[in-house]
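One structure is given below, encoded as structure tokens.
The values are calculated or read from the model by the stated rules, or taken from the named source; none is laboratory data. Predicted, not measured: the structure shown is a model, and the values here were computed from it. With ideal geometry, Cβ positions are generated from the backbone for all residues, glycine too; neighbour counts draw on all protein chains shown.
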Amino acid sequence: MNFDFATVMVTAVLVTGVIWAIDIFVWKPKRVQAADNLRQQGVEQKIISNTYKEPLMVEYARSFFPVILAVLVLRSFLVEPFRIPSGSMMPTLLSGDFILVNKFTYGIRLPVLNSKVLAMGDPERGDVVVFRYPKNPSVDYIKRVVGVPGDTVSYFGKQVYVNGEVAKQTGLGTFTTTGEGLHMTGADRRMENLAGVEHQILVVRGRVSNQDDKVEFIVPEGQYFVMGDNRDNSNDSRAWGFVPDENLVGRAFMIWMNWDGVQNRVSWERVGSFIE
């Protein structure tokens with residue numbers, strides 16, 4: 001089961017806000033009136049204070065409402081944290097990386113409804129984006145944009161071609177690492193130039209799969225073709241198609257923490273790294 005944090009936060013804001021508003025306009029005036037009546041009757045101050053005191057539920061609502069609202073606004077419109085659950089974006093991202101995602105780069109969207117209310121910009125080739133998986137929108141995916149609307153994207157021989165031009169690759173040797181990325185040790189590490197955006201990818205020499213067959217896609221309007229940097233270990237547009245604009249969540253830009261689940265430690269060398 002996937003935890004829908006945005007829905008929980010919106011619900012919490014509504015509940016605490018409604019309770020606080022009802023107290024301001026209904027309950028508090030009644031408490032004030034009751035306290036005034038007791039004061040006129042000469043009742044001792046302690047009883048008057050208890051009568052005027054707001055209920056615990058209202059106190060909690062008044063205290064938590066601005067905090068929850070601030071968190072909701074921050075996560076919905078500015079920056080949201082995500083955790084990388086798999087190795088499909090290696091070597092750029094490792095399982096256990098905690099990343100920050102810019103939520104306004106591709107437009108301001110309403111939480112829960114995910115409808116765009118203010119256009120800001122569009123994904124470009126080379127952007128690392130978080131999006132809701134088209135086949136199951138309750139699941140978030142992260143991949144690299146390879147094709148934008150109108151592009152013809154081809155993939156064969158472990159190379160990407162965009163509009164007939166190859167994304168040039170430069171060999172960087174054999175990939176070696178520890179911890180969460182250990183299973184990919186021995187893969188080829190390459191630098192790929194995708195429309196001027198250089199980033200590293202992994203390919204496995206000798207591995208042949210359906211994704212190695214020559215495929216060609218024409219990217220429709222309002223949709224994007226995405227791929228994982230771990231080219232032979234990524235469930236991406238080669239398998240299930242395009243990402244609609246309305247499924248976009250934001251652009252990943254920084255690793256703020258990494259927990260290596262194999263060695264049970266923080267990988268401090270990854271903390272603060274910007275995502276290329």
Original post:
Can you tell me how many residues in the range 155-192 are among the acidic types (Asp, Glu) and in contact with a Leu (Cβ under 6 Å, 6 or more places away or on another chain)?
Top reply: 1
Original post:
Where in the range 107-174 are there strands (runs of 3 or more DSSP E), lying wholly inside it, with at least 3 residues that are in contact with a Gly (Cβ under 7 Å, 6 or more places away or on another chain) and not aromatic (Phe, Trp, Tyr)?
Top reply: 140-147
Original post:
Since Phe225 meets every condition but one in (1) exposed (fewer than 12 other Cβ atoms within 10 Å of the Cβ); (2) under 26 Å from the mean Cα position of the chain (by Cα), which condition does it not meet?
Top reply: (1)
Original post:
Restricting attention to the range 233-272, which residues are assigned to a strand (DSSP E or B) and loosely packed, with under 14 Cβ neighbours inside 10 Å?
Top reply: Arg265, Val266
Subject >> Within the range 31-62, tally of residues that are hydroxyl-bearing (Ser, Thr, Tyr), free of Cβ contacts under 8 Å to residues at least 40 places away in the same chain and surrounded by 12 or more Cβ atoms within 10 Å (Cβ to Cβ) >> reply: 2
Original post:
Does the range 204-212 include one or more residues that are in a strand (DSSP E or B), over 30 Å from Leu113 (Cα atoms) and either aromatic (Phe, Trp, Tyr) or without any contact (Cβ under 8 Å) to a residue 40 or more places away in the chain (or both)?
Top reply: no
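Do we find that Phe217 is surrounded by fewer than 19 Cβ atoms within 10 Å (Cβ to Cβ), assigned to a strand (DSSP E or B) and in contact (Cβ under 8 Å) with a residue 60 or more places away in the chain in this structure?
Against the criterion (surrounded by fewer than 19 Cβ atoms within 10 Å (Cβ to Cβ), assigned to a strand (DSSP E or B) and in contact (Cβ under 8 Å) with a residue 60 or more places away in the chain), Phe217 qualifies.
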Original post:
When you scan the range 42-89, how many residues do you find that are among the basic types (Lys, Arg), in a helix (DSSP H, G or I) and under 30 Å from Lys143 (Cα atoms)?
Top reply: 1
Subject >> Subset of the range 174-192 [in contact with a Phe, Trp or Tyr (Cβ under 6 Å, 6 or more places away or on another chain) and either modelled with pLDDT under 85 or hydroxyl-bearing (Ser, Thr, Tyr) (or both)] >> reply: none
**OP:** Taking the residues in the range 146-166 that are among the aliphatic types (A, V, I, L, M) and touching a Phe, Trp or Tyr at 6+ places or on another chain (Cβ under 7 Å) as candidates, determine which candidate is surrounded by the fewest Cβ atoms within 10 Å (Cβ to Cβ).
**Re:** Val148
**OP:** Using the structure shown, decide if Glu180 is among the acidic types (Asp, Glu) and either surrounded by 14 or more Cβ atoms within 10 Å (Cβ to Cβ) or touching a Pro at 6+ places or on another chain (Cβ under 8 Å) (or both).
**Re:** yes
Original post:
In the range 183-198, how many residues are assigned to a strand (DSSP E or B), in contact (Cβ under 8 Å) with a residue 24 or more places away in the chain and either surrounded by fewer than 17 Cβ atoms within 10 Å (Cβ to Cβ) or among the β-branched types (Val, Ile, Thr) (or both)?
Top reply: 3
**OP:** Sort out which residues of the range 113-144 are of a type in the set (Val, Ile, Thr) and surrounded by 18 or more Cβ atoms within 10 Å (Cβ to Cβ), and write them in order of number.
**Re:** Val128, Val129, Val130, Ile142
